Amino acid sequence: MGMSTFMFKKFTSDYTPVSNIFIERYMPKARGEFVKVYLLALKYCLYGEPGVNSALMASALHLLESDIMNAWNYWNDEGVIRFTPIDRMGNFNIEFLDLTEDTSKEGKEVNLLEELTNNSTKDMLHEIEKLVARPLASKEMSTYIGWQKDFNFSPEIILLIIEYCASRGKCDYRYIEKVAIAWYDANITTIEQAQSFIKKHEDKWIKYKKILSYLGIKDGEIMKPQEDLLDKWVNGFVLPVEVIMKACDICFERLSRADFKYIDAILTSWNKDGIKSIEEIQSKDKKSTFKKAASQKGQNDNFNNFEQRVYDYDSLEKRLLGWDKQ
């Protein structure tokens, strides 16, 4: 019997293992699109893909090529990957670094014990426990202490975040972390900034919720482009909620559905005419308002560059709401 050859078929599983250290430590404070880039590249790397170009990654993730570059620079700065140029043609080597050396469990615990000898830290954690009405896990303690360095938050700001969450009945750690990241993104460093941020956010969302519930939409379901339009109407045009609702009525009458773009056309037209109240709408000749809204609708605006005759409402609306990507 001759010599036998054994050929192994490459085993590929249906999942990509991601380091828990990445998920716990690096993912929460990174922008969503950067996490998308990291995960897709990790999959390519683990499945032996020799390389991939930025255009391909960008189209796979519905991002711009510049987002891909920004993501690599970010992860390189964070020490998650090593990103090095190969040549001057814009080609790079990417090496996924082992994250385990970085945060050995003992290191974390010792660091926590060390921190707990500091009285102001101990007081802060004690106050937090009172606010959330439960003992804190050591992982939570490490995170809250870490915010002082990572986010440049004072203990007062951290307590204010937790107080704010507790006042809304949200004491779970994930929610609190989300709020902290939002404050960090808004560059909040003082108590005054935090208080005005809370007030503005609350006032704004009370109005948004009124408009959305009038349209029959839950506020959890709105996408970024819709939120931007609400922001434009409420904070940009400074229109009262009832004026915005009136535009919703007109939209329903004419299209029998909620169409953000159409409502925006009406409100933009009213804003141009300086209309700020229901009385002014009524006294204005309705025909001219509708005419303007229709022409406004056809004009090129920053959302689209379609000519009027190729205006496909449904597909435009899907694109505006980001539904085409699902």
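What follows draws every value from the coordinates through simple rules; no lab data is involved. Bear in mind that the values here come from a model prediction, so they are computed numbers and not experimental data. Every residue, glycine as well, gets a Cβ built from its backbone with ideal geometry; the counts of neighbours run over all protein chains shown.
Semi-axis lengths, largest first, of the ellipsoid equivalent to the range 116-255 are 38, 15, 12 Å, with √(5λ) applied to each eigenvalue of the Cα gyration tensor.
Computed over every Cα-Cα pair of the range 20-102 and binned at 5 Å starting from 0, the pair-distance distribution P(r) comes out as 3, 14, 27, 28, 19, 7, 2, 0 percent. Between the amide H of I81 and those of N76, L97, distances stay under 5 Å, these residues lying 5 or more places away or on another chain, with hydrogens modeled in the peptide plane. Packing order of peptides 184-192, 65-73, highest average first: 65-73, 184-192 (average count of other Cβ atoms within 10 Å over each peptide's residues).
Peptides 252-259, 205-212, 156-163, 116-123 ranked from most to least packed by the mean count of surrounding Cβ atoms within 10 Å: 156-163, 205-212, 252-259, 116-123.
Eigen-decomposition of the gyration tensor built on the alpha-carbon atoms of the range 105-189 gives equivalent ellipsoid semi-axes of 20, 15, 12 angstrom, largest listed first.
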